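Every read-out reported here was derived from the displayed coordinates using simple, explicitly stated rules and does not represent laboratory data. This structure is a prediction, so every number in the text was calculated from the model and none was measured. Glycine gets a Cβ as well: all are built from the backbone with ideal geometry, and neighbour counts include every protein chain shown.
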Amino acid sequence: MKRELIKVGFWKDTKSFLDLSGMLQNLQDPRELVDHDWMKEKRERIAQYLDVAEHVNAWMGSSYCRFGCTGVDMGAADLSDGTYLWPEGLSHYVRVHHVRLPKRFTRHILDNLSILKKVSATASSEPQREALLADAAKKLGEWVDAKRKSKGQVNAR
Ligand SMILES: [Zn+2]
């Protein structure tokens, strides 16, 4: 059975005069989602979560910041935690531009962060912490998979 990942953070092409893909798929412009009060205290942790997930797709070209940042590496890959799929650059929008994520996705991240928090607390150095987080994110994907299999069905969320 092919697993359907829920896509999040794929934005409208704001550089093209006519954004056909955005219009057809109803993609949003992140500049309309800026919310400086959203998750103030947890924002950095949410951004970290977005960074440590697994790479699932790699594309030929790099993405660009819809807010017009230059010299920022937005990445060219998609990441996943086993449930959601988002572009590598999504953490930049959260961290730098305070773009608000969808409610369900946010709740999902906060639930999973409690697992990552335990892991992070045991690390003694920054590289070790990153390695542990990456490992935890991988485990998280497996955990989500196992949970789904035991349910015997895919949640339509
Ligand atoms: Zn930017």
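At a glance:
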read-out	value
Charge tally in the Cβ shell below 11 Å around Met23, where Lys, Arg are +1 and Asp, Glu are -1, Met23 excluded	-1
Whether the stretch 45-92 is rounded, prolate or oblate, judged on the alpha carbon gyration tensor where a/c under 1.5 counts as rounded	oblate
Added length on full extension, which subtracts the Cα-Cα distance from 0.36 nm per residue, Arg95 to Leu24	22.7 nm
Relative packing of 99-108, 13-22, which averages over residues the other C-beta atoms within 10 Å, highest first	99-108, 13-22
Asp135 versus Ala76: modelled label distance in nm, points set 7 Å from Cα along the beta carbon direction	3.1 nm
Cα gyration tensor, the stretch 11-126 - rounded (a/c under 1.5), prolate or oblate	prolate
For peptides 30-36, 58-64, sequence by mean Cβ density within 10 Å, most packed first	30-36, 58-64
Contour minus Cα-Cα distance for Ser114 and Asp35 (0.36 nm per residue)	26.1 nm
For the stretch 17-30, 3J(HN,Hα) per residue [Karplus equation, 6.51 cos²θ - 1.76 cosθ + 1.60, θ = phi - 60°, Hz, x = Gly/Pro]	5, 10, 9, 5, 5, x, 6, 6, 9, 6, 6, 8, 9, x
